[in-house]
Amino acid sequence: MLRQAKFRIGQIVKHRVYPFRGVIFDVDPTFSNTDDWWLSIPQEIRPRKDQPYYHLFAENEETEYVAYVSEQNLLPDDSGEPLRHPEIPEIFDGPENGIYHFRTEQKH
């Protein structure tokens, strides 16, 4: 049974365990990565596969990157702090009230 995703594209979220945050740019209804990737996660914190997974433009104090995170490991980020990931302005406008919105016209 597929559940409704708890978070939405454009929403700013943070990881429940690790010190990073980001903006969601895609959602998979269930796990859609490799088994090698999934098995590389320590077993004691390995998430279930039968839940939404989110693609994030993520960042921590040191760097920006793309992350793939299970719903159970995400929390809303209400800090109001801007994100600096360089790919965000390519796809999104905002944020407005904590949500980024797809750009209506792509930058060239």
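Odds and ends about this structure:
- When segment 53-71 is limited to residues that are surrounded by 12 or more Cβ atoms within 10 Å (Cβ to Cβ), in contact (Cβ under 8 Å) with a residue 24 or more places away in the chain and farther than 11 Å from Val23 by Cα, the one that is farthest from the chain's Cα centre (by Cα) turns out to be Asn60.
- The one condition from (1) more than 16 Å from the chain's Cα centre (by Cα); (2) within 16 Å of Gln11 (Cα to Cα) that Arg48 does not meet is (2).
- Failed item, numbered, when Gly80 is tested on (1) in contact with a Gly (Cβ under 8 Å, 6 or more places away or on another chain); (2) surrounded by 12 or more Cβ atoms within 10 Å (Cβ to Cβ): (2)
The rows are residues; the columns are (1) within 15 Å of Ile9 (Cβ to Cβ); (2) part of a strand (DSSP E or B).
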| site | (1), (2) |
| --- | --- |
| Ile24 | yes, yes |
| Val27 | yes, yes |
| Asn33 | no, no |
| Phe57 | yes, yes |
| Val69 | yes, yes |
| Glu90 | yes, no |
| Gly94 | yes, yes |
| Tyr100 | yes, yes |
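Every number in this text was worked out from the coordinates using simple rules, so none of it is lab data. The model shown is predicted, which means the values in this text are computed figures rather than measured ones. Every residue, glycine among them, receives a Cβ derived from its backbone with ideal geometry; neighbour counts consider all protein chains shown.
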